[in-house]
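Asker: Encoded as structure tokens, here's the structure I'll be asking about.
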Amino acid sequence: MSETLLKDDILRHLTYTLGKDPDHAQTYDWRMALSFAVRDRIVESWFAATRKTYDADAKRVYYLSMEFLIGRLLEDGIINLRLLDEAREAFETLGLDFQTVVEDEPDAALGNGGLGRLAACFLESLSTLGVPAYGYGIRYEHGLFKQGIVGGRQVETPETWLSQQHAWEFERPEVRLPIGFGGKVKVTGERAVWTPAEAVDAEGFDTPIVGWQGKWANTLRLWSAKAQEPFDLNRFNEGAYAAAAEPEALARTISRVLYPDDSTEAGKELRLKQEYFFTAASLRDILRRYDSTHNDITQLPKRVAIQLNDTHPAIAGPELVRLLHDERGMTFDDAVETARACLSYTNHTLLPEALESWGEGLFGRLLPRHLTLVDRIDAAHAKANPTRKVAARGDGQVKMGELSFIMAHKVNGVSALHTGLMKETVFEELHRLHLERIVNQTNGVTPRRWLLSCNPRLSGLITESIGDAWVDDLEQLKGLESHIEDAAWLDAYHAAKQDNKAELSNWMGQTQGFAADPHMMFDVQIKRMHEYKRQHLNILETIALWQEIRDNPNAGWTPRLKLFAGKAAPSYYFAKDIIRLINDVAEIVNADPVTSPYLKVAFIPNYNVSLAEKLIPAADLSEQISTAGKEASGTGNMKFALNGAPTIGTLDGANVEIREHVGEENFFLFGMTAQEVMDRRSVADHAAQAIAADPRLARAVEAVRKGTFAPGDTDRHAGIAYNIAGPDYFLVASDFSDYWRVQREVDSAFADEKGWARMAALNTARSGWFSSDRTIKGYVSDIWGASSLL
Ligand code: F58
């Protein structure tokens, strides 16, 4: 570790790296100087880890993911290197506000939601555990769009995290790999030579990811697309300036923006190009690294484990077969076997619309050789499994789920329930053919970011109570249970939550225009906006509650703040309508003097990792209310439980396991099970029946329909009302009555301050299993066959 003082290094970087005189330095300069000083300390363990991996000839894990939702890295680095006190002190003596400097860092929003955030937690856990690993993805110039709310509606603007220098990355101009598309395939015998029609270069940018206590650091290598010929000088000299820059602009398009969703047709081709671009570059890089110290390619699976984070890198199957067979002379069967022994695949959704498939026209045009290889992979699979009906190619489509399954030695779901449903539904036949292939690895979250760093009050109390070994052995939180009966301890636990709430409330006052009363229950639903996640169930219950409080204001209501945050895909109109309804309800409800002491509603714009870090420690109640069977796992649910917010939720995804761990008396369960959901759908008029049976629900739906929350524009929300009263595929109406009932149980439980604190503390004490360290250990032993070098 570095012997110099952090403060000296900050000043040195300010002067010599940033070229700034301290007297004139701005927040940005100080933040960069601090980042470089921290980065220097990470680089030391990064190099040591690389050397150790080469010396041990260890198996490396390669995590291929279109998304890494890493958020800010400065505080994370400081926390993991245990530099917090020194950094604070340094800034104090410099007369600067440390928090302002830390919060100046833009979020690296290279992901949409849970899938991308999971990848980021996994990278941190891999480093904490000392497992040699690389994350491979795309260095998007623009991450997930910024969300503003104008007149209650979502407006999107481009995200610009790279408009300032990114402090953590190292450009690798020497790692530049050509990636081709289209063109011709010349077959000779069973092998082929592919000559692409166009090509771009993939240039690597490396970010070190440091683990707890700085003992190990792995690499996140993100690919940026560059033109092979950056500039057409002839055209420039002819005065055609825009045309001269065209090749560069076209090539860059591939890594320009993160795909915000898969709900539009537009951009399909670009999306497939992005997928092939980063997968092909990563595989070539992996083989290059392998070749540098090995000469027998048949032994690749002993040294290389490649995880496909969903189907986005599924082209890795045929691409690796192509590299091994066409380019390296392996027989086709050996190439498939070798590739399969390296590859494994994680499924994150059963929603049919999110399962990727490509029209064979498009696929064949961009990747002509791969289309033939998909057929050969199918044929080989059919030969080995003569009864099989399923195939990767069929009905004019290449189906990436099937392809990934066939090309992986292990396929995993992300919660016990989800894994079971995978076996029964989307992969039913493939599972029957390959009974050993599907395994479960319930998701987890890194406790360094999601407790130690984001909740210093609670983590301080925990460390005072049980020492700090919990940070990388989260099951030690169980040790808190013995403190819970101690009234003074429970008061301290409660006080930490109250202080977090007060802090959030102040922040809201400064930034959102109203400071909520911290004595209200902070009831929080934060996640992507989606019908299956049912933010509309939550807002409907809010409306019913408002109506009921108005009827009877003196019934002893438990004061609540309903907090929402989340982005809707730009083309997902129903989700956007729900955002507008929430904002419109907030406007009416918050202005109502009768209900105001008991009910407030807020939609906080631009949900991202940093906002989650603010909101979760201040939450009292966690809303995890998806239609059972639809949320593969959820990871926000784990963060809330860990930070002492009991869940109101359905038996969906990892909620099931959270409830088992925290105890059913510390979890507010409601709603239909996944099986009941399937049965209920076959009742033709399920929504109408549910509405007829519950006058409270009928009144709330009617208020939405007739425009109660859209004065002067009475049709505005009618679409939502018709949906709930009509098709209601996600069964909002059918689950409403039970949700209402259990929310009132929540009211009474919250009114008992001590009882609630106890329940919250038990949630913390019993959530240790949901550490991503536990998840990664599962992948290491059941899927990757890798090991820790610490
Ligand atoms: C999420 N999927 C699941 N997909 O919905 C969630 O239950 C699970 O906890 C999480 O993965 C981690 O396993 C998810 O986030 C996406 O963001 C897609 C990415 C590609 C475009 C469409 C959305």
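Asker: Can you work out D for the range 63-157 in µm² s⁻¹ from Stokes-Einstein, where Rh is the Kirkwood radius over C-alpha pairs, the temperature is 10 °C and the viscosity is 1.306 mPa s?
Answerer: Values: Rh = 15.6 Å.
After rounding, the answer is 102 µm²/s.
Asker: Quick one: how many Å² of T50 are accessible to a 1.4 Å probe, rounded to 10?
Answerer: 50 Å²
Asker: Once you have the alpha carbon radius of gyration of the chain, what is it after dividing by 2.2 N^0.38 Å, with N set to its residue count?
Answerer: The value comes to 0.97.
Asker: Something else about it: Enumerate by residue number the chymotrypsin sites (Phe, Trp or Tyr not before Pro) in the range 195-254 meeting two conditions: DSSP loop (anything except H, G, I, E, B), and at most 13 other Cβ atoms within 10 Å of the site's Cβ.
Answerer: Here the sparse-neighbourhood loop sites are F231.
Asker: Quick check of the Kirkwood formula: for the range 126-172, what is the inverse mean of 1/r over all pairs of different Cα atoms, in Å?
Answerer: Working: mean 1/r = 0.0715 Å⁻¹.
For the range 126-172, the Kirkwood estimate is 14.0 Å.
Asker: Related question: Where in the range 195-211 does the label zone of A48 land, with the point 7 angstrom along Cα→C-beta and an amide N cut-off under 14 Å?
Answerer: 210-211
Asker: Return the FRET efficiency for the residue pair T157, E269: r is the Cβ-Cβ distance, R0 is 25 Å, and the value is rounded to the nearest 0.05.
Answerer: Values: r = 25 Å, r/R0 = 0.99.
FRET efficiency, T157 to E269: 0.50.
Asker: Which pairs, out of K423/K630; K302/K423; K533/K777; K527/K754, put more than 22 Å between their alpha-carbon atoms? Could you put the intermediate results ahead of the total?
Answerer: Numbers: K423/K630 15 Å; K302/K423 28 Å; K533/K777 29 Å; K527/K754 29 Å.
Among K423/K630; K302/K423; K533/K777; K527/K754, the Cα-Cα distance tops 22 Å for K302/K423; K533/K777; K527/K754.
Asker: Stretched out fully, how many nm does the piece from D715 to D486 gain, at 0.36 nm a residue minus the Cα gap?
Answerer: 76.9 nm
Asker: If I stretch the segment between S571 and L233 completely, what's the gain in nm (0.36 nm per residue apart, minus their alpha carbon distance), one decimal?
Answerer: Values: separation 338, 0.36 × 338 = 121.68 nm, distance 3.93 nm.
In short, 117.7 nm is gained.
Asker: Under 25 °C and 0.890 mPa s, how fast does the range 622-713 diffuse according to Stokes-Einstein, given a Kirkwood radius computed over C-alpha pairs? Answer in µm²/s, whole number.
Answerer: Reported coefficient: 162 µm²/s.
Asker: What is the extension gain from K478 to R252, computed as 0.36 nm multiplied by their sequence separation minus the C-alpha to C-alpha distance, in nm to one decimal? Intermediate results must be reported in sequence, preceding the final value.
Answerer: Details: separation 226, 0.36 × 226 = 81.36 nm, distance 5.02 nm.
Using 0.36 nm per residue and subtracting the Cα-Cα distance, I get 76.3 nm.
Asker: Let me check the size of the range 339-378 from its C-alpha atoms; what are the radius of gyration and Dmax in Å?
Answerer: In Å, with Rg to one decimal and Dmax whole: 12.7, 30.
Asker: So how do 752-765, 5-18 stack up, highest first, on mean other-Cβ count within 10 Å?
Answerer: The densest-packed peptide leads the list: 752-765, 5-18.
Asker: How would you order 112-121, 775-784 from highest to lowest mean count of nearby Cβ atoms within 10 Å?
Answerer: Put in order of decreasing packing, that is 112-121, 775-784.
Asker: Could you run the Debye sum over the Cα atoms of the range 157-210, one equal point scatterer each and no solvent, and tell me log10 of I(q)/I(0) at q = 0.15, 0.24 Å⁻¹, two decimals?
Answerer: Results for the range 157-210 at q = 0.15, 0.24 Å⁻¹ read -0.69, -0.97.
Asker: Considering just Cα atoms, how many Å³ per residue does the convex hull of the range 333-446 enclose?
Answerer: Values: hull volume 13.9 nm³, N = 114.
So the per-residue Cα hull volume is 122 Å³.
Asker: While we're here: Which order do the peptides 720-726, 683-689 come out in when sorted by mean C-beta neighbours inside 10 angstrom, highest first?
Answerer: Listed from highest to lowest mean packing, they are 720-726, 683-689.
Asker: Of N506, N234, G778, which is farthest along the charge dipole of the chain in the positive direction, counting Lys and Arg as +1 and Asp and Glu as -1 at C-beta?
Answerer: N234
Asker: Residues of the range 577-592 with amide nitrogen under 15 Å from the 7 Å Cα-to-Cβ point of F514?
Answerer: Once the point is set 7 Å along Cα→Cβ of F514, 582-592 turn out to lie under 15 Å by backbone N, inside the range 577-592.
Asker: If you split all Cα-Cα distances of the range 707-767 into 10 Å bins from zero, what percentages do you get per bin, shortest first?
Answerer: Per 10 Å bin, starting at 0, the Cα pair percentages come out as 19, 24, 27, 21, 9, 0.
Asker: Which three lengths, in whole Å and largest first, does the range 480-545 cover when its Cα atoms are put on their principal axes?
Answerer: 42, 30, 24
Asker: Short version: what are the Cα gyration tensor semi-axes of the range 194-243, square root of 5 times each eigenvalue, largest first, in whole Å? Working shown, then result.
Answerer: Working: eigenvalues 309, 47, 6 Å².
The answer is 39, 15, 6 Å, longest axis first.
Asker: Now a separate question. Could you work out [θ]222 nm for the chain from helices alone, using -39500 (n - 2.57) per DSSP H run of at least four and dividing by all its residues? Round to the nearest 500 deg cm²/dmol.
Answerer: For the chain, the value works out to -13500 deg cm²/dmol.
Asker: If you don't mind, another one. Where the accessible area of the chain is counted over protein heavy atoms with a 1.4 Å probe, how much of it, in %, is carbon and sulfur?
Answerer: Of all accessible area on the chain, carbon and sulfur atoms account for 51 percent.
Asker: Heavy-atom accessible area per residue, the range 87-225, 1.4 Å probe: how many Å²? Don't skip to the end; give the middle numbers.
Answerer: On the way: 5050 Å² over 139 residues.
Ligands and nucleic acids excluded, the figure is 36 Å² per residue.
Asker: How high is the FRET efficiency from Q547 to L84, r the C-beta distance, R0 41 Å, rounded to 0.05?
Answerer: Calculated transfer efficiency: 0.30.
Asker: Hey, another quick one. For D395 paired with D333, estimate the spin-label separation in nm (one decimal), with each label point 7 Å from Cα along the Cα-to-Cβ line.
Answerer: 3.2 nm
Asker: Here's something else I'd like to know. Calculate the spin-label point distance for E103 paired with E464, positioning each point 7 Å from the Cα along the beta-carbon direction, and give it in nanometres.
Answerer: 2.5 nm
Asker: Evaluate E = 1/(1 + (r/R0)^6) for A502 and E753, where r is the Cβ-Cβ distance and R0 equals 22 Å; express this FRET efficiency to the nearest 0.05.
Answerer: Efficiency, rounded to the nearest 0.05: 0.90.
The values are calculated or read from the model by the stated rules, or taken from the named source; none is laboratory data. Predicted, not measured: the structure shown is a model, and the values here were computed from it. We place every Cβ from the backbone using ideal geometry, glycine too, and count neighbours over all the protein chains shown. Please note that ligands, DNA and RNA were not included when accessible areas were found on the heavy atoms of the full protein model with its side chains. Shrake-Rupley method; radii C 1.70, N 1.55, O 1.52, S 1.80 Å.
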